[in-house]
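Here is the structure we will look at, set down as structure tokens.
Where a number appears in this text, it was derived from the coordinates with a stated rule and is not lab data. None of the values given here were measured: they were computed from a predicted structure. Every residue, glycine as well, gets a Cβ built from its backbone with ideal geometry; the counts of neighbours run over all protein chains shown.
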Amino acid sequence: MKVVCMTCMHHCSLEEGQRGICRARKNEKGNIICENYGMATSLALDPIEKKPLRRFRPGSLVLSVGSYGCNLRCPFCQNYEISMADGKMAEETAGAAYLSPRWLADKALEFRPEGNIGVAFTYNEPLVGWEYVRDTGKLIKEAGMDNILVTNGFASLEVLEEILPYMDAMNIDLKGFREDYYKKLGGDLETVKRFIARAVKNCHVELTTLIVPGWNDTREEMEEEAEWIASLGRGIPLHVSRFFPQYHMRGTGATEVKRVYELAETARKYLKYVYTGNC
């Protein structure tokens with residue numbers, strides 16, 4: 001029988017054995033299961049600034065883990081090898097291997113003397129496997145360490161409430177501020193705005209906007225975006241990031257550095273902390 005997955009706003013209606021748009025959740029015997037639970041494709045000790053986070057534990061390191069799958073379809077995805085993989089593909093081409101929540105928590109503690117502050121769930125979209133984020137996050141908090149989430153924010157508020165008690169910081173992609181742009185990416189702007197508005201109440205949040213030439217690079221759009229962010233809090237940091245050709249957009253030119261700086265200046269009219277990236 002069909003079952004509806006409620007993790008994100010796609011609400012995929014899945015037949016027995018069918019995976020959702022994210023490629024990570026599946027109908028198995030009438031239940032939606034998290035097929036990518038603990039299946040790691042990437043594990044690295046990263047500077048926290050790489051997440052990017054600039055105003056949370058600066059200068060520290062964080063053990064970063066990624067799986068496979070994503071519920072958006074950005075044609076410029078930097079990690080498409082894992083975000084667009086399903087289970088079989090991830091195991092064969094990305095070397096996915098199972099890491100239990102306990103193993104990951106122990107590994108985070110092992111790196112603590114080297115400056116590790118906890119775990120960052122990143123690289124693919126972590127919330128398509130939110131159960132693993134929740135279970136591991138709980139163990140990390142019990143160990144007195146921090147959890148970081150790097151997400152596109154395209155998830156239900158019910159999922160956010162499941163993981164929010166364990167999160168210390170997030171970087172959320174606010175990909176643009178036009179509904180038609182989000183439609184091109186397979187998402188929904190209002191869902192992401194609701195996610196951000198709820199997250200900032202209980203967690204340190206920084207936002208990232210990748211500036212793609214001809215798609216979301218007008219001053220008018222940045223002005224509207226920054227004004228909306230400021231309505232939640234002028235101290236919310238915004239990272240304005242330069243686009244480089246990737247995935248299906250390899251033939252597109254990189255964003256001009258000058259444009260990134262101009263849009264950052266526009267955002268600074270409303271926000272206290274605006275950073276440029278990839279410049």
Q: Could you pull out the longest piece of the chain with no exposed loop trypsin sites (Lys or Arg not before Pro) in it, calling a site exposed if DSSP puts it outside H, G, I, E, B and it has at most 12 other Cβ atoms within 10 Å?
A: 30-200
Q. Separation of the range 46-86 and the range 1-29 by C-alpha centroid, Å?
A. 24 Å
Q | Cα→Cβ-extended label distance, 7 Å offset, between Lys193 and Glu49, nm | A | 3.4 nm
(Q) Nearest 500 deg cm²/dmol is fine: what mean residue ellipticity at 222 nm does the chain get from its DSSP H runs of n ≥ 4 alone, each adding -39,500 (n - 2.57), divided by its residue count? (A) -8500 deg cm²/dmol
**Q.** the chain - charge dipole about Cα centre, Lys and Arg +1 at Cβ, Asp and Glu -1, debye rounded to 20
**A.** 320 debye
Q: For an R0 of 41 angstrom, estimate the FRET efficiency from the Cβ-Cβ distance between Asn278 and Glu28 and round to the nearest 0.05.
A: 0.55
Q: Count charges around Tyr275 for me, please; just the other residues with Cβ under 14 Å from its Cβ, Lys/Arg as +1, Asp/Glu as -1.
A: +4
Q. Restricting to the chain, what percent of DSSP beta bridges are antiparallel, rounded to 5?
A. 35 percent
Q) What fraction of the Cα pairs in the range 3-277, stated in percent, has a spacing above 26 angstrom? A) 41 percent
Q: Would you calculate the separation in nanometres between label points at Glu161 and Glu224, each defined as 7 Å from the Cα along the Cα-to-beta-carbon direction?
A: 3.0 nm
Q: Compare the Cα positions of Gly186, Phe244, Tyr80 along the charge dipole of the chain (+1 at Cβ of Lys, Arg; -1 at Cβ of Asp, Glu; about the Cα centre) and return the one farthest towards the positive end.
A: Phe244
Q: Subtract the Cα-Cα distance of Tyr98 and Lys183 from 0.36 nm times their separation in residues, and report this length gain in nm to one decimal.
A: 27.2 nm
Q | Computed label-point distance, nm, for sites His11 and Arg112 using a 7 Å Cα→Cβ extension | A | 4.5 nm
